[in-house]
Each structure stands twice: as structure tokens, then as C-alpha cells.
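Below is one structure, written out as C-alpha cells; the observations come after it.
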Amino acid sequence: MRNMSVAICGMMFVSMTPLFAARPQNAVANFTLTSPSNIPGATLQAGTYTIHIVNRLSDRSIVQVDSANGDLHSTFIGIPNDKLPGSSDSGLVDWAHSTKGAGYLRGWRVPGTSSSIEFVYPKAEAVAIANSNQAKVPAIDPASEGLAVDSSLSQRDMQLVTLWLLSAERIGPTDRAPSIKAERYKQMAANTQKPVISSLPHTGSSLPWLWLLSAFSILSAAILHLFRARLFSASLSANGKP
């Protein structure tokens, strides 16, 4: 009977393991700046900060940066980009070239995972970065969609706003300023409907596992009942009772 109880406990533990594994694990990293640098919608002065993911969606993440002294709380959009170049110990990646004398953070390699997130800048900043780095820069243009033009976008607006990739493109004489090419972010364009809430850590429901656990519990109770009935019957037979 003891061996059967151990086996049943083992079955219940195995059935509950995916429930614990499915819990979201949002990495948090600390980083220190020795000189000012920019993130979408804010300028970080020299100091210590934390960065973490607030929410994961199908085609974007909501990222938050907080200052150690509590003076700054900045929330912005990031998109997956596993091709980001090497990073610092904190996982942060800078744009190779400064923009108008200012440094800009390009993204973050999430510690403990193989994923990287590239920061999405407002249109004006993205255009300047694209001109300086000759690269495609993720961007949003809230004003074109009737949303707030500053960094006060709500998380719902961040989930719905259209994502773009901006790049500098030279046309004609080299002394002319390059034009900006805008293309819709492919992952977003592939979706027939923009996600309202589709946080990846919560997309898989735990209900099937609860059903499975309930089924195991009922089966365990039935086995124990049958075992006890047979044990009682054997005890009666040993005592000579019919």
C-alpha cells in the first residue's frame, strides 16, 4: 500500500510540473550609465537603472526602465531581434553611431534566455538614428493614428499602434540628404488582426492540466478504495468469516 501511495504521489507531481513551468519568468537586469544615453521617449542621465519586460505580445514586448532613485519610470515597445550585435554585461546594446552627438540604446539581450529585444523609437528619433547608422530602425508614428504624440502612450495603445521599419535611402547626388524609406513591420503585417491582449506567458490555459490532475485524483481514490476493499476481504477470509 505504501508503494502504491508513493507511485500515486509521483504521478500527481509529474502532472503538476507543467503548471509550475508555465508560470511567467520576467527577467530583470540592473545597469549603470556613466554618461547620458537615450531610450524611446526619455533621456537617461548617468546613474543606475533596472530594465524588465512588463508584457509579451505576439509581435512585440512592453519594456520598462526604472531609475534606482525612483525619479524615472519609462515604458516603451520592443520587438524581437535575435541578430543584435554583442552587448555589455548588462545585456544592453548601443547603436553603433551617435545621433546628433547623443547616444541611443538599440536593444537588450534578455539574461537567461536566447531572445533579444530591439527598442522601438518614435518617428522623429527613428529617422535621426537611421540617418546616422544606415540601418533599419523600428519606429512608431502615433500621431498618424490619432494617438498621443509624446511618450504617454497607454499600454493598450502600445499593443495596438502600427510598427514600422525606417531606413535612410540615398537618391541622386551624394550631397543631398537621404530620403527615408518606411516599410511596415513584417510580423505585424502578417497578422490579420492586431492583438489586444495576447501575452505569451499567459496564452496557454492551465485548465487542461487541472482536468488531468482531477482525473488522476479520482483514479487514485478509486484504486485506494479497491485496494482497501480487497484487503478487508482478505482479512475476513483469514479470520474464517464468510
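The values are calculated or read from the model by the stated rules, or taken from the named source; none is laboratory data. No experiment lies behind these values; they were computed from the predicted model shown. Because the Cβ atoms are built from the backbone with ideal geometry, glycine has one as well, and the counts that use them run over all protein chains shown. Ligands, DNA and RNA are stripped out before the accessible areas are found, and what is left, the full protein with its side chains, is counted by its heavy atoms. Shrake-Rupley method; radii C 1.70, N 1.55, O 1.52, S 1.80 Å.
With respect to (1) under 30 Å from residue 120 (Cα atoms); (2) of a type outside the set (Gly, Ala, Ser); (3) modelled with pLDDT of 70 or more, the lone exception for residue 187 is condition (3). Taking the criterion of being assigned to a strand (DSSP E or B) and open to solvent by less than 10 Å² (accessible area, probe 1.4 Å), the residues of the stretch 133-165 that qualify are 137, 138, 139.
Of the residues in the stretch 18-34, not one is at pLDDT 75 or above, in a loop (DSSP other than H, G, I, E, B) and of a type in the set (D, E, K, R). In the stretch 79-91 there is no residue that is more than 14 Å from residue 138 (Cβ to Cβ), without any contact (Cβ under 8 Å) to a residue 40 or more places away in the chain and either assigned to a strand (DSSP E or B) or open to solvent by less than 40 Å² (accessible area, probe 1.4 Å) (or both). Among residues belonging to the stretch 92-132 that are assigned to a loop (DSSP other than H, G, I, E, B), open to solvent by less than 30 Å² (accessible area, probe 1.4 Å) and of a type in the set (A, V, I, L, M), point out the one that is modelled with the lowest pLDDT. Going through the qualifying residues, I end up with 110.
Among the residues of the stretch 94-128, those that are closer than 16 Å to residue 183 by Cα and touching a strand residue (DSSP E or B) at 6+ places or on another chain (Cβ under 7 Å) comprise 120, 121, 122, 123, 126, 127. Is at least one residue of the stretch 55-74 open to solvent by less than 40 Å² (accessible area, probe 1.4 Å), touching a residue at least 12 places away in the same chain (Cβ under 8 Å) and closer than 22 Å to residue 168 by Cα? The answer is no; no qualifying residue exists.
Residue pairs whose Cβ atoms lie under 6 Å apart, sitting 6 or more positions apart in sequence or on different chains, and linking a residue in the stretch 214-227 that is surrounded by 14 or more Cβ atoms within 10 Å (Cβ to Cβ) to a partner that is not aliphatic (A, V, I, L, M), are 216/15.
Every test in (1) at pLDDT 80 or above; (2) at positive phi is passed by residue 219 save one, and that test is (2).
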